[in-house]
Amino acid sequence: MKDPIGIIGGMGPMASQLFYKMVTEHTAAEKDQDHINLILLSDASMPDRTGAILAHQYEGPYNQLLEDARFLEKAGCRAIAITCNTAHFFADMIADQIGIPILHMIRETAAAAAAECGKGEKIGIMATDGTVQTGLYQKELEAQGMVPFTPAPEIQKEVMHQIYDRIKNGQNYDPESWKKIEAEFRQAGCRKVLLACTELSVIKADEGLADWFMDPMETLAKKVIAFAGKEYQ
């Protein structure tokens, strides 16, 4: 296989299969051979990233993510994409320990939001407790001149309910809970809301959510296609 791009997924599996679908559907291609060579490593055994961050026990996800990245590098991949927002906390730790670039979903999304919305706009962050507490998106949005917004604790619990109790548990989203979440971000005056957990990307795809909800996984798919020298359609 020539010049594949490695995908570290399995966090969770439903999000990984959606990402592969995004890349395939949006690559301009007339035949099989026009598509991108990918190696999808679905590492469902990856320790829970949020749990590790909140407990300040980084060793498990760090070591496993580094092992996966080195596996893909040895397999001939020329770049790596990771289909988990929270895992980028650990991706930043391993970036200088491999010889190929990590296509950074959080950084790319912040840049895309700035290009679309402009500086000074308030951007909502709908994410796991781990992603919120590390400030991953807050830092990148502020670097782009935007104002990050995270929900009140009681609404953040509803976000975690959607991620862990529903999508990761193999269930559909909870519409009543979703109404509470959406109301919080709308009342805050957010120009856009980042679905900054790949389980939330699944909800957007399943429910056809409006473009007010910005999907970082879609941004990452665009980056993978561009990095491969292909046209996005």
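The values are calculated or read from the model by the stated rules, or taken from the named source; none is laboratory data. What you see is a predicted model; the values in this text were computed from it and never measured. Cβ atoms come from the backbone with ideal geometry, glycine included; neighbour counts cover every protein chain shown. For the accessible areas, the whole protein counts, side chains as well, though only heavy atoms, and no ligand, DNA or RNA atoms are used. Shrake-Rupley method; radii C 1.70, N 1.55, O 1.52, S 1.80 Å.
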Inset, instruction - Report yes if some residue within segment 67-76 is assigned to a loop (DSSP other than H, G, I, E, B), modelled with pLDDT of 95 or more and closer than 22 Å to Ser201 by Cβ; otherwise report no. - result: no
Inset, instruction - Can you confirm whether segment 13-21 contains a residue that is at pLDDT 95 or above, in a loop (DSSP other than H, G, I, E, B), under 25 Å from Asp92 (Cα atoms) and of a type in the set (Ser, Thr, Tyr)? - result: no
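Look at Gly124 and say whether it is surrounded by fewer than 16 Cβ atoms within 10 Å (Cβ to Cβ) and either within 25 Å of Ser16 (Cβ to Cβ) or in contact (Cβ under 8 Å) with a residue 24 or more places away in the chain (or both). Please lay out each step first, then the result.
Working: surrounded by fewer than 16 Cβ atoms within 10 Å (Cβ to Cβ): no; either within 25 Å of Ser16 (Cβ to Cβ) or in contact (Cβ under 8 Å) with a residue 24 or more places away in the chain (or both): yes.
So Gly124 does not fit the description; no.
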Legend entry - Tally of residues being surrounded by fewer than 22 Cβ atoms within 10 Å (Cβ to Cβ) and within 14 Å of the chain's Cα centre (by Cα) across segment 224-233: 0
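Every residue, every condition in (1) among the hydrophobic types (A, V, I, L, M, F, W, C); (2) in a helix (DSSP H, G or I), yes or no:
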residue	(1), (2)
Gln162	no, yes
Asn169	no, no
Arg186	no, yes
Cys190	yes, no
Lys204	no, yes
Asp211	no, no
Thr219	no, yes
Gly229	no, no
Inset, instruction - Being assigned to a loop (DSSP other than H, G, I, E, B) and in contact with a Gly (Cβ under 9 Å, 6 or more places away or on another chain) is the filter; apply it to segment 127-147 and report the residue that is least open to solvent (accessible area, probe 1.4 Å). - result: Met146
Inset, instruction - Can you tell me which residue among Ser177, Ser201 is among the hydroxyl-bearing types (Ser, Thr, Tyr) and at pLDDT below 95? - result: Ser201
Inset, instruction - Would you check which residues across segment 29-54 are assigned to a loop (DSSP other than H, G, I, E, B) and open to solvent by less than 30 Å² (accessible area, probe 1.4 Å) and list them? - result: Ile36, Asp43, Met46
Inset, instruction - Only residues that are under 15 Å from Ile7 (Cβ atoms) and aliphatic (A, V, I, L, M): list them for segment 59-90, please. - result: Leu65, Ala69, Leu72, Ala75, Ala79, Ile80, Ala81, Ile82, Ala87
Inset, instruction - Inspect segment 95-118 for any residue being part of a helix (DSSP H, G or I), crowded, with 17+ Cβ neighbours inside 10 Å and either basic (Lys, Arg) or modelled with pLDDT under 95 (or both) and give the result as yes or no. - result: yes
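Residue-wise test of (1) on the phi > 0 side of the Ramachandran plot; (2) of a type in the set (S, T, N, Q).
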site: Thr86; (1), (2): no, yes
site: Ile94; (1), (2): no, no
site: Ile102; (1), (2): no, no
site: Ala110; (1), (2): no, no
site: Gly120; (1), (2): yes, no
Legend entry - Residues located in segment 198-223, provided they are crowded, with 21+ Cβ neighbours inside 10 Å, out of contact with any Phe, Trp or Tyr (no Cβ under 6 Å at 6 or more places or on another chain) and among the hydrophobic types (A, V, I, L, M, F, W, C): Leu200, Val202, Met214, Leu220, Ala221
Legend entry - Of all residues making up segment 60-86, the number that are surrounded by fewer than 24 Cβ atoms within 10 Å (Cβ to Cβ) and of a type in the set (S, T, N, Q): 2
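I'd like the residue in segment 171-184 that is without any contact (Cβ under 8 Å) to a residue 12 or more places away in the chain and in a helix (DSSP H, G or I) and, out of all such residues, is surrounded by the most Cβ atoms within 10 Å (Cβ to Cβ). Steps first, answer last, please.
At the first step, the residues of segment 171-184 found to be without any contact (Cβ under 8 Å) to a residue 12 or more places away in the chain are 171, 175-176, 179, 182-183.
Subset that is in a helix (DSSP H, G or I): 175-176, 179, 182-183.
Details: Pro175: 8, Glu176: 7, Lys179: 11, Glu182: 18, Ala183: 11.
It comes out as Glu182.
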Inset, instruction - Could you tell me which of the residues Gln17, Gln57 is more than 24 Å from Lys222 (Cβ to Cβ), of a type in the set (S, T, N, Q) and open to solvent by 10 Å² or more (accessible area, probe 1.4 Å)? - result: Gln57
